[in-house]
Amino acid sequence: MSLQCHKNQTSVTFILLGFSEYPDLQVPLFLMFLTIYTITVLGNLGMIAIIRVSTKLCNTPMYFFLSHLSFVDFCYSTVVTPKLLENLIVEDRTISLSSCIMQFFFACTFVVTETYMLAVMAYDRFVAVCDPLHYTVVMSPKLCSFLVGASYFWGLLCSLTLTYFLLRLSFQGVNIINNFVCEHAAIVAVSCSDPYISQEIIFVSATFNEISSLVIILTSYTFIFITVMKMTSIGGRSKAFSTCASHLTAIIIFHGTILFLYCVPNTKNSWLMVKVASVFYTVFIPMLNPLIYSLRNKDVKETARKLISLNL
């Protein structure tokens, strides 16, 4: 450790570079991200409201999980996007150490929670397709609440662990983060102490979370595919696939982006790709999920039409 590296970090600040290397794009990017964030807030809160006011949807496990997915997407986007918007219109892009760590803590909590929420929803689709006669018995309110609670708990536990090891690092003076969000690799990169343990912890955690959630998802959809292929009715096959289409789309987009970030080499030239990919899963995906589920879901669209007609 450097002699100048100290534990008294009250004067430590970070500068989030964001997309400052493209000054001519600041206003267009601000307008684009503001529009996306507005759609994200309205879409996810709207989805929650539609599910909560409908007795039919509220008491269905799939929509119970979907309401929590919308809540996680709303929270996740709100942790990241407002600061991104601020940095696009102000010259002072500084953020304090405590604020940076807090942003990482909440972002990590919600992204891990979403990872397992998607896995839980895959298990729900497995039960619905492979054992429809016992669906309401297997997916009881008690089990649904447990699965959702476990997703939040594990997200919080992972985030607390990673944040603890980040707080053990030392920083000094002004630190430049070449990103728009306080993500782990960017924070570790500006530390003046040995980040080996913190890097190993997040590698193990991220690998475990990604592999375990994908195992649940792939196993569920393998059995779903086998069951659907055994169906003799074309209509039955079509209905089964349609109930899974929205969820599969959300999974492919979310995990595809995460896996892409895994494959990006850790070099200076790769930071732009990392930022673009980070924008996709922190800003775009929370907007896309409610659109994917509402546009392809007849029950949601019918409930939304009824609510609109009642308010007119």
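The values are calculated or read from the model by the stated rules, or taken from the named source; none is laboratory data. Here the structure is a predicted model, which means the values were calculated and not measured. With ideal geometry, Cβ positions are generated from the backbone for all residues, glycine too; neighbour counts draw on all protein chains shown. For the accessible areas, the whole protein counts, side chains as well, though only heavy atoms, and no ligand, DNA or RNA atoms are used. Shrake-Rupley method; radii C 1.70, N 1.55, O 1.52, S 1.80 Å.
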- So, of the residues in region 233-260 that are among the aliphatic types (A, V, I, L, M) and open to solvent by less than 40 Å² (accessible area, probe 1.4 Å), which turns out to be modelled with the lowest pLDDT? A240
- Counting only residues that are open to solvent by 50 Å² or more (accessible area, probe 1.4 Å) and part of a helix (DSSP H, G or I), which one in region 84-116 is farthest from I211 (Cα to Cα)? I89
- Within the bounds of region 272-287, is there any residue that is assigned to a loop (DSSP other than H, G, I, E, B) and at pLDDT below 75? no
- Among the residues of region 100-116, count how many are over 10 Å from the mean Cα position of the chain (by Cα) and without any contact (Cβ under 8 Å) to a residue 60 or more places away in the chain. 3
- Query: Here are some conditions: (1) closer than 28 Å to I258 by Cα; (2) crowded, with 20+ Cβ neighbours inside 10 Å. F146 meets all but one. Which one does it not meet?
  - Reply: (2)
- Selection from region 149-162 of residues that are farther than 28 Å from L85 by Cα and either at pLDDT below 95 or open to solvent by less than 10 Å² (accessible area, probe 1.4 Å) (or both): S151
- Query: Restricting attention to region 163-187, which residues are open to solvent by 10 Å² or more (accessible area, probe 1.4 Å), assigned to a helix (DSSP H, G or I) and under 23 Å from T81 (Cβ atoms)?
  - Reply: T163, H184, A185
- Task: Specify the residue that is modelled with the highest pLDDT; the eligible residues are those in region 50-73 that are over 24 Å from V138 (Cβ atoms) and open to solvent by less than 50 Å² (accessible area, probe 1.4 Å).
- Result: D73
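For T219, state whether it is over 20 Å from the mean Cα position of the chain (by Cα), within 22 Å of V111 (Cα to Cα) and not aliphatic (A, V, I, L, M).
yes
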- Query: So which residues in region 126-149 are among the polar types (S, T, N, Q) and either in a helix (DSSP H, G or I) or within 13 Å of H68 (Cβ to Cβ) (or both), if there are any at all?
  - Reply: T136, S145
- Message: Here is a list: A128, A119. Which entry is open to solvent by less than 10 Å² (accessible area, probe 1.4 Å) and farther than 25 Å from L16 by Cβ?
- Response: A119
- Pairs only if they're at least six apart or on different chains, beta carbon under 8 angstrom, first in region 157-169 and under 16 Å from A185 (Cβ atoms), second open to solvent by 10 Å² or more (accessible area, probe 1.4 Å) and not in a helix (DSSP H, G or I); list them, first residue then second. L169/S191; L169/S193; L169/P195
- Task: Tell me, please, whether a residue that is modelled with pLDDT of 90 or more, on the phi < 0 side of the Ramachandran plot and either under 20 Å from the mean Cα position of the chain (by Cα) or open to solvent by 50 Å² or more (accessible area, probe 1.4 Å) (or both) can be found in region 14-21.
- Result: no
- Query: Does region 211-232 hold any residues that are open to solvent by 70 Å² or more (accessible area, probe 1.4 Å) and either closer than 12 Å to V127 by Cα or of a type in the set (S, T, Y) (or both), and which are they?
  - Reply: T222, F223, T232
- Would you check if T81 is open to solvent by less than 10 Å² (accessible area, probe 1.4 Å) and under 30 Å from L17 (Cα atoms)? yes
